[in-house]
Amino acid sequence: MSKYTDIGVEKHGHVGLIEIRKPPLNFFDVSLINQIADALEEFDNDIEIRASVLAAQGKAFCAGADFSDPKRQEQEESAQKDPAANLPINHLYVQAVRIFRNKKPVVAAVHGAAIGGGLGLAVSADFRVTCPEARFAANFTKLGFHPGFGLTATLPELVGKNNAELIFYTSRRVTGEEATRMGLANVCVPQDQVRAEAMKLAAEIAECSPLGLISTRATMRAGLADRVLAATNHELVEQTKLRATEDFKEGVKATAERRVANFKGR
């Protein structure tokens, strides 16, 4: 029996495939991020695998954290009463940093929405294949919140500081075409071709020498995991502060009710 409950793991020649299986929206929790990190470690230790694809079932690629989840709400409340009890989210970021420490190239097949931490997950990959229907959003400020999942470090490196600021300050949804134009995605194809195109790109990478790939990628991503670790440590402090505000409660409620939030600045 597979040790993975929320993902599927397959091998196709020299290409590994990780499929998120929490449709339709693929909300993440500590367990999901941990399983993805474990699967990437497994591929790192498999001499046959040279590149991998991160894909998802369902409507969204990953819609981020589920703020309406009762279990999560309990965690939010206990975190407000006792900051030391904020372990689940802290632990999530520990697992997220593990994803950035993997050694082999990853292609994300973003066929639908990549929202909040889901955008952070998409950006952890080396490349993104997407489609016009996909939406990329760092919707944290619309929630009355601070960006997380290392995005304050990773997003500016991909799209430039000012584009990252625009994405953060507006919380807007960026289409697949716009994402490709600004360097947030590498390839934009029809929706039903996203996964095949991602597999094709991974297979092209896998034609190269495995040792050369690992060595070159280590040079190109030097210090990235440490920058993400520093970013998540800071992001967590800001998120913990903002989680206790009235605006955060209103932001989550307004998002769930699909209306414009009535923020008060407190």
- Where a ≥ b ≥ c are the square roots of the eigenvalues of the C-alpha gyration tensor, would you call the stretch 89-139 rounded, which needs a/c under 1.5, or, failing that, prolate if a/b is larger than b/c, or oblate? oblate
- Note on the structure: Ordering 231-238, 173-180 by per-residue average of other C-beta atoms within 10 angstrom, highest first, gives 173-180, 231-238
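On the accessible surface of the stretch 164-266, probed at 1.4 Å, how many percent belong to carbon and sulfur atoms? Mind dumping the intermediate values first?
Numbers: 3540 of 6150 Å².
With neighbouring chains kept in place, the figure for the stretch 164-266 is 58 percent.
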- Amide H within-cut-off set for R128, under 5 Å, with H built and near neighbours excluded: A108, N186, V187
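For a 22 Å ceiling on Cα separation, which of these pairs sit above it: K103/K161; K161/K264; K142/K253; K11/K103? Present the calculation step by step, with values, prior to reporting the outcome.
Details: K103/K161 26 Å; K161/K264 28 Å; K142/K253 11 Å; K11/K103 17 Å.
Those over the limit are K103/K161; K161/K264.
Given R₀ = 45 Å, FRET efficiency for R101-E246 by Cβ-Cβ distance, to 0.05?
Details: r = 38 Å, r/R0 = 0.84.
FRET efficiency, R101 to E246: 0.75.
If you count only protein heavy atoms with a 1.4 Å probe, what accessible area per residue comes out for the chain, rounded to a whole Å²? Intermediate values should be presented prior to the final figure.
Numbers: 12610 Å² over 266 residues.
Accessible area per residue, the chain: 47 Å².
Defining a contact as two alpha carbons under 8 Å apart and six or more residues distant in sequence, what relative contact order in percent does the chain show?
20 percent
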- If the chain between K253 and S31 were fully stretched, how many nm would it gain, using 0.36 nm times the residue separation less the Cα-Cα distance? 77.4 nm
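Can you give the Kirkwood hydrodynamic radius for the stretch 16-57, in Å, rounded to one decimal and based on Cα pairs? Mind showing how you got there, number by number?
Values: mean 1/r = 0.0915 Å⁻¹.
Kirkwood radius, the stretch 16-57: 10.9 Å.
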- Task: With θ set to phi - 60°, apply the Karplus curve 6.51 cos²θ - 1.76 cosθ + 1.60 along the stretch 5-22 and write out the HN-Hα couplings as whole Hz, x wherever there is a Gly or Pro.
- Result: 9, 10, 9, x, 10, 9, 10, 10, x, 8, 10, x, 10, 10, 10, 6, 10, 10
- Query: Using the beta-carbon distance between I47 and A196 and R0 = 25 Å, what value does 1/(1 + (r/R0)^6) give for FRET efficiency, to the nearest 0.05?
  - Reply: 0.45
- For the chain (alpha-carbon point model, no solvent) the Debye-based log₁₀ I(q)/I(0) at q = 0.15 Å⁻¹ works out to -1.09
- Rg (Å, one decimal) plus Dmax (Å, integer) for the alpha carbons of the stretch 82-181? 13.8, 44
- For every helix of n ≥ 4 consecutive DSSP H residues, a contribution of -39,500 (n - 2.57) applies; sum these over the chain, divide by its total residues, and give [θ] at 222 nm rounded to the nearest 500 deg cm²/dmol. -15000 deg cm²/dmol
- Message: Can you give me the long-range amide H partners of S52? Hydrogens built in the peptide plane at 1.01 Å from N, cutoff under 5 Å, separation of 5 or more residues or another chain.
- Response: G16, V106, V107
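The values are calculated or read from the model by the stated rules, or taken from the named source; none is laboratory data. This one's a predicted model, so the numbers in the text were calculated from it and none came from an experiment. Glycine gets a Cβ as well: all are built from the backbone with ideal geometry, and neighbour counts include every protein chain shown. Each accessible area value is taken on the protein alone, full model and side chains, heavy atoms only, with ligands, DNA and RNA left out. Shrake-Rupley method; radii C 1.70, N 1.55, O 1.52, S 1.80 Å.
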